[in-house]
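Scroll down for the structure; my scribbles are underneath it.
The values are calculated or read from the model by the stated rules, or taken from the named source; none is laboratory data. Nothing here was measured: the structure is a model prediction, and the numbers come from that model. Methodologically, a virtual Cβ is constructed for each residue, glycine included, from the backbone with ideal geometry; neighbour enumeration extends over all protein chains shown. Accessible surface is based on the protein model in full, side chains and every heavy atom, while ligands, DNA and RNA are left aside. Shrake-Rupley method; radii C 1.70, N 1.55, O 1.52, S 1.80 Å.
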Amino acid sequence: KLQLAALACVSTASSHGNATVSNDICTSAHGLDCEGDDMPNGHIGGIFGSHLACCQLCERRSGCAAWTWRWQTGDCYLKNACSNHRPDDACHSGYGAAPSPTPPPGPTPPPSPTPPPAPSQGWEAAYAKARAVLLKMSREEKNSMLRSKGNSQRGYYVGNINAIERLGVPSLNMQDNGNGFRTTDPFMYGTVTCWPSALSLAATWDEELVSQTAVAMGQEFNGKGANVILGPAVFVQRIAKGGRNWESLSGEDPYLGGRLVARFVQGVQSQGVIATLKHFAFNQQETQRNDFNVQVDGKTSWELYYPPFQAGIDAGAGAVMCSYNKEDGLHSCSNPQRLKQDLKQAMGFRGFVMSDWGAEHGTSTAQGEDMDQMNGAGPDQFNPWAVSEVDVNEAVTRTLAAMYMVGADTRTRCIGGKNCDGLLHADVQAGHHTLAKTVASESIVLLKNDGNLLPLRKETAKRIRIVGNAAKAGVVDPSKDGWAAPDFYAGGGSGHVVPGYHVTPYDGIKNRALQAGMEVVDSGNVDITIVCTGARAAESYDRASLSLDDKADEFIASLKGNVIVLMQVPGAVLMPWRDSVHAIAASFFLGQETGNAWAAVLFGDHAPTGRLPLSFPATERDTIEPASGNIPYSEGLSQGYRNKNFKHSFAFGHGLTYTTFSYTITRNVPCGQSICVTVSIANTGNVSAAAVPQLYLEFPAEAQQPAAILKGFTKTDLILPGKTALVTFTLLPRDLSYWTPGGWKRVTGATAHVGAASDDIRTSVHIGTSSASYDFVVV
């Protein structure tokens, strides 16, 4: 299993022996399992919503020396001793009142934020229940769970599996997700939140904020009667022009994606909604998406493109969607090597695989696909009666188990086609606009700020002008403009959400400027010109170029004076004018609160915290272009910021704020089987702001990595001017390993680089990775 690592948190000490729970703080560590003898009656199953409850129980139990809590199941294990800490990201462990005879060496890895409530039951219990129900099903009932049909009648969803009411099996009510619950009919407009895109979430580099958003999104899906969210998209971006890049929670990095995907899956599924990881695998472009055939070697697959899927699987994801394209000469949904061997066996995926809509090219249940999604109401090539009983039973069991894993049998609010129409009409936003604005504000990336022109101040910006093709832009209506129509707030296609309201950049900035006593004019002399511009993108099409839309590049180049450029884009863009303007900020489709988010950042209500989840190339030659036919991923791992031959206008991880920080490595020591690198971050400027320190690991030559790669990040709390914060990166064994045909191999030494971006390294340290080999040499 992929070990999600470099979890940067705050460690707390425990006053061992103090049995007063209210006055005691447990020392705990996320990502470690405390091995040792269980106490008599020390296993309490499935009732604990957080590690603190398990910790407190250990404090109360006489003789309890240590404990382990599994967030996936809610189980608590009380132990007489802790003989060893074993890395396991599903666990949270720590010490109780009684002393443990053999504490782990070095500092205990610090805890991560408490995850959302665990799913209703673990996989083992879910499978046991699924198998019991399967025994009562007829072949016709089993067959009905192998094929989902789109249905435009009232009370149905984008995808539908009928309920089996006599057995208490709920209908599967599946709805698309990009910027939220897809508004497939005009009556839905304004009843759900148009959230910032998944790429915007990636730009926050904030696990807790992703979790909060996923919980809220899950609440809206559940409120609408849906129990399957057709997302998140977790593919690692390869093509800068990719039409669906705005939908990806991974950006161009598997480690960033893995950390965020896990929290998204946990958050959504905590609301009784099955998360769907998509699109498996290698669906990195829209050009000829039904026909191109990719060829990817094992090392590139496992180190670059598989990790976000693995992370979602380890977090308990109930579904995976296979894609339209071919892999190794076979259609994705008919590829047993990828679906059965890689996904289900090697990665340990226990949920069900569904096809993308119309991506089935036959009857592929035996090859690893568990559910056919028909594209429209007409027939396709799938024949459930041609499937063997053994394969039918496995596919149906997987689907049932995913339902029971998240508690969909008790938490689904309606039966599709029977009584869901009222819920589909319901307004389920529940005040989520505040969170939507927070996420949008946190995701904005400040790329350039010459002369500290930002934040805007009345002393230097008495008169401002707001112009550009996105300044007063409206929203599209897919029912009139076409299903794939995009705008500057959400991308086009199956992930589009039509908001009930949207705050334009012009309105948001103007309202805040007036509050600050500034004058907003449309003509005449001004102190500052703010250009609001962008590029659109949609499913089914890759972008024709990386230029801004509507000849905006030429317009910007023609401007004089103090110019600030604000971009609303689906991914990477070119900025040939970047040296001639004073400030640049980028966003990746911010949803309904766009204007308010821009205002918060421009006026300093929020010091920028966004960081680039992808590289902005200097030219189109510094990217990989879409192709057709057979597409070998011949660049291997040299993608995005890993490719040293590519030049970037702004690098992966880049993002400025309104202050400056210094970085100092203070400690580098073993902690169990992992390595802990502690960094002191000092605010050396005059504004309180959060830092986003990043750790890039440079492997030895044997690992064949083309560059140092991201293996740690965190977002700190606000650091006051002159103050410091300590951040500890915990590098788990998988982070220190590389893939070989014979399995993962751990290196014996590496160099950890810590800084503010992939091209802004502030301090480095050589580390040994075995217990007998540790050195501490700052370079």
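Before moving on, here are some points about what is shown:
- Only one of A470, A535 that is in contact with a Cys (Cβ under 7 Å, 6 or more places away or on another chain), surrounded by 14 or more Cβ atoms within 10 Å (Cβ to Cβ) and either more than 20 Å from S200 (Cβ to Cβ) or in contact (Cβ under 8 Å) with a residue 24 or more places away in the chain (or both): A470
- Out of A130, A125, sole residue that is in a helix (DSSP H, G or I), at pLDDT 75 or above and either closer than 30 Å to A66 by Cβ or open to solvent by 20 Å² or more (accessible area, probe 1.4 Å) (or both): A125
Rundown of residues vs (1) within 19 Å of V526 (Cα to Cα); (2) in a helix (DSSP H, G or I), yes/no style:
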position: T434; (1), (2): no, yes
position: A461; (1), (2): yes, no
position: I466; (1), (2): yes, no
position: A470; (1), (2): no, no
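- Screening segment 382-423 for residues that are assigned to a loop (DSSP other than H, G, I, E, B) and in contact with a Cys (Cβ under 7 Å, 6 or more places away or on another chain) and picking the one that is nearest to I313 (Cα to Cα) gives C414.
- Just one of the listed residues (L566, L574, L612) is crowded, with 24+ Cβ neighbours inside 10 Å, in a loop (DSSP other than H, G, I, E, B) and aliphatic (A, V, I, L, M), and it is L612.
- Just one of the listed residues (R621, R642) is open to solvent by 30 Å² or more (accessible area, probe 1.4 Å) and farther than 15 Å from P505 by Cβ, and it is R621.
- Index of the failed condition, D176 passing every other in (1) in a helix (DSSP H, G or I); (2) buried (at least 22 other Cβ atoms within 10 Å of the Cβ): (1)
- Residues that are within 21 Å of D372 (Cα to Cα) and under 22 Å from the mean Cα position of the chain (by Cα) are absent from segment 290-305.
- Residue that is open to solvent by 40 Å² or more (accessible area, probe 1.4 Å) and not acidic (D, E), where the choices are S662, S587: S662
- Taking the conditions (1) part of a helix (DSSP H, G or I); (2) under 25 Å from G150 (Cα atoms); (3) touching a residue at least 40 places away in the same chain (Cβ under 8 Å); (4) not acidic (D, E) in turn, L343 satisfies each one other than (2).
Each row is one residue, and each column tells you yes or no for (1) without any contact (Cβ under 8 Å) to a residue 60 or more places away in the chain; (2) surrounded by fewer than 20 Cβ atoms within 10 Å (Cβ to Cβ); (3) under 15 Å from S148 (Cα atoms); (4) within 32 Å of the chain's Cα centre (by Cα).
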site: A366; (1), (2), (3), (4): yes, yes, no, yes
site: N383; (1), (2), (3), (4): yes, yes, yes, no
site: V390; (1), (2), (3), (4): yes, yes, no, no
site: E394; (1), (2), (3), (4): yes, yes, no, yes
site: T397; (1), (2), (3), (4): no, no, no, yes
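- Filtered by the rule that a residue be in contact with an Asp or Glu (Cβ under 8 Å, 6 or more places away or on another chain) and not in a loop (DSSP other than H, G, I, E, B), segment 346-381 gives F352, V353, M354, S355, T365, A366, D372, Q373.
- Residue within segment 736-754 that is under 20 Å from N683 (Cα atoms) and either out of contact with any Cys (no Cβ under 9 Å at 6 or more places or on another chain) or without any contact (Cβ under 8 Å) to a residue 12 or more places away in the chain (or both) present: yes
- One residue stands out in segment 500-524 among those that are in a loop (DSSP other than H, G, I, E, B) and over 20 Å from V601 (Cβ atoms): the one that is most open to solvent (accessible area, probe 1.4 Å), namely D522.
- Identity of the residue in segment 323-340, assigned to a helix (DSSP H, G or I) and of a type in the set (D, E, K, R), that ends up farthest from the chain's Cα centre (by Cα): K340
- Candidate set from segment 147-180 (those that are without any contact (Cβ under 8 Å) to a residue 40 or more places away in the chain and touching a helix residue (DSSP H, G or I) at 6+ places or on another chain (Cβ under 8 Å)); member that is farthest from E539 (Cα to Cα): L167
- Within segment 449-478, the residues that satisfy the criterion of being at pLDDT 95 or above and either among the polar types (S, T, N, Q) or in contact with a Lys or Arg (Cβ under 7 Å, 6 or more places away or on another chain) (or both) are N449, N452, I466, N469.
- Hits in segment 542-563 - residues which are among the aliphatic types (A, V, I, L, M), in a helix (DSSP H, G or I) and within 30 Å of N283 (Cβ to Cβ): A552
- The lone criterion from (1) assigned to a helix (DSSP H, G or I); (2) touching a Leu at 6+ places or on another chain (Cβ under 9 Å) left unmet by L447 is number (1).
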